[in-house]
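Read the figures in this text as sums done on the coordinates, not as results from a lab. The shown structure was predicted, so the numbers you read here are calculated from the model rather than taken from an experiment. A quick note on method: Cβ atoms are made from the backbone with ideal geometry, for glycine too, and the neighbour counts reach across all protein chains shown.
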Amino acid sequence: LYPNLNASDPVWRALFRDVRFRRALSMAIDRTQINQVLYFGLASESNNTVVPESPLYRKPYQTQWAQHDRKAADRLLDEIGLKRGPDGVRRLSDGRPLEIIVETAGESTEQTDVLELIRENWKENGIKLFTKPSQRDLLRNRVYSGEALMTVWGGFENGLPNADTSPDELAPTSQVHLQWPKFGQHYETKGKAGEAPDIPEVIELLKLGDSWRTADKAGREKIWHRMLTLHAEQQFTIGVINNVQQPVVVSNALKNVPEKGLYNWEPGSFFGMYRPETFWFTDARRN
């Protein structure tokens, strides 16, 4: 889930920038239920972070603020001042009901199924969730303009980085980052468009990303860990599950295909990292 820190609505913008609210939203999600109901328990319940196969993985990156704790979420929401109305729904500072519209690209029933379960979770904490399917280009334009409050999308594209992998995905370096599009646009245009980051932790992420380019091996690893720590603490994006099993059907006649592997665009272009040019058929005519 990507709360838009550059939302044009000033009340929602201020709320999304309150780390207590992002943490409450995360703790209000029952990831175990989602894993069991939709993924038969085969996925991993996790923040949006690196997977265990990465040399940079640490358990807290996966679990911090990601444990289902309805009471703790309620305490944070109360602390912010989001009081419940007679209908049980909390109210924003200007009196509007706390109704979050989560926009999707309309390309995946998996996403809408996940949102249906999150809707029931958040309802217990006095938060209403509405799903709004759209189209990819329209969705991005609404995020860029600040009209979209929150979106759902895949997590970090590369969940298997090492210290020498660029950490640009963790800092606001591109407008396509759904949680801070105007910060990313400001970086891409060298300040000619967008908005300059004004959140201390976001500014730190940018500085860390720039420092990574000139750091040695040990320095790069230290920078990566600091950036991953910031993401786990700040919940700029709210992860739900990762490491989803992806069955791939392979002919018995095709050899040299690994029985188990990583299936993702980055790294490896799905099969790319397993050198598909070395796959071969036992039937000579097919070779």
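Here are the numbers for the structure shown:
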{"quantity": "Cα long-axis angle, helix 217-234 against the chain (0 to 90 degrees, to the nearest 10)", "calculated": "40 degrees"}
{"quantity": "Around I34: net Lys/Arg minus Asp/Glu count, Cβ-Cβ under 14 Å", "calculated": "-4"}
{"quantity": "Burial ranking of peptide ranges 52-58, 258-264 (average Cβ count within 10 Å, highest at the top)", "calculated": "52-58, 258-264"}
{"quantity": "Length gained when the stretch W280-D210 is fully extended (0.36 nm per residue, less Cα-Cα span)", "calculated": "20.8 nm"}
{"quantity": "For the chain, calculated [θ]222 nm from helices alone, where every DSSP H run of n ≥ 4 adds -39500 (n - 2.57)", "calculated": "-11000 deg cm²/dmol"}
{"quantity": "Contour excess over end-to-end distance, with Cα ends at E99 and V248 and 0.36 nm allotted per residue", "calculated": "49.7 nm"}
{"quantity": "Residues in segment 12-40 reached by a label modelled at R91 [backbone nitrogen below 18 Å; 7 Å Cα→Cβ]", "calculated": "12, 15"}
{"quantity": "Percentage relative contact order, the chain, counting C-alpha pairs under 8 Å, at least six apart", "calculated": "26 percent"}
{"quantity": "GNM flexibility winner over the chain from A232, A24, A218 (Cα, springs under 10 Å)", "calculated": "A218"}
{"quantity": "Estimated dipole of segment 120-262 in Debye, rounded to 20 [Cβ of Lys and Arg +1, of Asp and Glu -1, Cα centre]", "calculated": "280 debye"}
{"quantity": "Local net charge near K190, Cβ-Cβ under 15 Å (Lys/Arg +1, Asp/Glu -1)", "calculated": "-1"}
{"quantity": "Theoretical gain in end-to-end length, L42 to V257 [0.36 nm per residue, Cα-Cα removed]", "calculated": "75.2 nm"}
{"quantity": "Reach of K123 by Cα under 25 Å, taken over lysines that are not fewer than 8 positions away in the same chain", "calculated": "K71, K83, K132"}
{"quantity": "Student exercise, the chain dipole from Lys, Arg, Asp, Glu Cβ charges, in Debye to nearest 20", "calculated": "200 debye"}
{"quantity": "Lysines with Cα under 30 Å of K190, excluding same-chain neighbours fewer than 8 positions away", "calculated": "K182, K207, K217, K222"}
{"quantity": "Mean separation of Cα contacts under 8 Å (6+ apart) over length of segment 160-219, as relative contact order %", "calculated": "29 percent"}
{"quantity": "Cβ-defined net charge surrounding E169, 12 Å radius [Lys, Arg +1; Asp, Glu -1]", "calculated": "-3"}
